[in-house]
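Engineer: One structure is given below, represented as structure tokens, and several questions about it will come after.
Quick note: the coordinates plus some simple rules give every number you see, no bench work behind them. The structure presented is a predicted model; accordingly, all values stated were derived computationally and were not measured. All Cβ positions, glycine included, derive from the backbone under ideal geometry; neighbour counts span all protein chains shown.
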Amino acid sequence: MRNRNDTAEVALGIRRRVFEHTIRNNGGYLSQACSSAEQLAWLYNEALNLGAPTLPMIPKPFAGVPSATNPDYHTGAGYNGPAEPQYDRLFIAPAHYALVAYAALIEVGRMAPEGLEMFNKDGSSVEMIGAEHSPGMEVHNGTLGIGLSTAAGLAWGRKKRGDTGRTWVFMSDGEVQEGQTWEAVQAARFHGIDQLYAIMDVNDQQCDGAMSSVMEVGDIRRKFIEFGAACVDIDGHDLSAMRDALSEPHEGRPLVILAHTSPFHAMPILEERFPRLHYLRFKSEDERARFNVSIAEDLGVAPVDYTH
């Protein structure tokens, strides 16, 4: 782990890795890197209390699903360290953020850069849509809305057991369109699960376009509070605001941080594709070349040589 003063550099490194991967592979989750890089950098470099990784720096191939004939099966949670009582646990609820999450693991020294070269390759555990065996993942959260419930259940069990570690969940705002999210908040409040923390990337985007074009969600903060959480709105690109949010009183309640972000932060050329930003695949070689030069300049790196 780097020191706190390096968190902004971790966020920049995340964006650079996702950018380079996207240009080389003619597609990727660029807008998620734009909106969430500070959040994942802050979690991994500052907020989370994690032990040393327990899995190889270069991920092993997919070894099959759990079964009686697969006794060595393990999840990808070992990249976040051991599941011991004093350590925090993290769930990545929107599994399509996996590319960004893998880049974060690399930037904080929990996975080797070679791991990203295995992304979405046949036989690889470094899945395009993160699965329970993927680096940094513990359960499969690809179904929209189940991440907070999963985290709440674990946090409740840990509370009963007397664990001191917190349970964190990284979320996306599309999940507030699902009833299960609100059931999880109510249950957490009823059971006094205040070891449950969530930070939500509120970028107003989802796979079908802008949030408002799919389903209006109204005042999210007010809803979280009325359902029983402590909830704060912040600028999701402001690291100081994230640090301050942790001081919000929430005894007996989960804490939800709403991090409002831009899906083209640090890569303004992406606005050309707004509101279709979920997965960016270039429409032509000319567009790929233009995006390569423009984003490289904004991120302070050389354009990617993708011709070899």
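Engineer: Given q = 0.11, 0.17 Å⁻¹, what are the Debye log10 I(q)/I(0) values for segment 203-300, with equal point scatterers placed on the Cα positions and solvent ignored?
Structural biologist: So the normalised log intensities are -0.48, -0.89.
Engineer: Next question, about the same structure. What nm value, rounded to one decimal, do you get for the distance between E297 and E84 when each label is placed 7 Å out toward the C-beta?
Structural biologist: In this crude label model, E297 to E84 measures out at 5.0 nm.
Engineer: Local charge sum around N292 (other residues, Cβ-Cβ under 13 Å, Lys/Arg +1, Asp/Glu -1)?
Structural biologist: With Lys, Arg at +1 and Asp, Glu at -1, the neighbours total -3.
Engineer: Which lysines have a Cα less than 30 Å from the Cα of K223, not counting those fewer than 8 places away in the same chain?
Structural biologist: Once the sequence-local lysines are set aside, what remains near K223 is K159, K160.
Engineer: I've got another one for you. May I ask you to give the average projected area over all directions of the convex hull of the Cα atoms of segment 101-183, in nm² rounded to one decimal?
Structural biologist: 6.7
Engineer: Using θ = phi - 60° and the Karplus form 6.51 cos²θ - 1.76 cosθ + 1.60, what ³J(HN,Hα) does each residue of segment 263-275 get, whole Hz, x for Gly and Pro?
Structural biologist: Listing the rounded values in order: x, 10, 4, 6, 9, x, 5, 5, 4, 4, 9, 4, x Hz.
Engineer: Enumerate the calculated ³J(HN,Hα) couplings along segment 117-125 in order (Karplus 6.51 cos²θ - 1.76 cosθ + 1.60, θ = phi - 60°), each rounded to whole Hz, writing x wherever the residue is Gly or Pro.
Structural biologist: Computed from phi, the couplings for segment 117-125 are 5, 8, 4, 6, 8, 4, x, 8, 8 Hz.
Engineer: Please work out how much length the chain gains when fully extended from R221 to V65, using 0.36 nm per residue of separation minus the C-alpha to C-alpha distance, in nm with one decimal.
Structural biologist: 52.3 nm
Engineer: A follow-up question, please. Assuming R0 = 45 Å, can you tell me the calculated FRET efficiency for the pair R24 and H191, based on Cβ-Cβ distance, to the nearest 0.05? Mind dumping the intermediate values first?
Structural biologist: Working: r = 47 Å, r/R0 = 1.04.
For R24 and H191, the calculated efficiency is 0.45.
Engineer: Taking a temperature of 37 °C and a viscosity of 0.692 mPa s, what whole-number D in µm²/s does Stokes-Einstein yield for segment 166-260 with Rh from Kirkwood over alpha carbon pairs?
Structural biologist: Details: Rh = 13.5 Å.
After rounding, the answer is 243 µm²/s.
Engineer: Ranking F62, F274 by Cβ neighbours within 10 Å, fewest first, what do you get?
Structural biologist: Least to most surrounded, the residues fall as F274, F62.
Engineer: Could you tell me what a quarter of the Cα convex hull surface of segment 23-173 works out to, in nm² with one decimal place?
Structural biologist: Dividing the Cα hull surface by four gives the mean projection, 9.2 nm².
Engineer: Rounded to whole Å and sorted largest first, what semi-axes of the equivalent ellipsoid does the C-alpha gyration tensor of the chain yield via the square root of 5 times each eigenvalue?
Structural biologist: Ellipsoid semi-axes (Å, largest first): 29, 24, 18.
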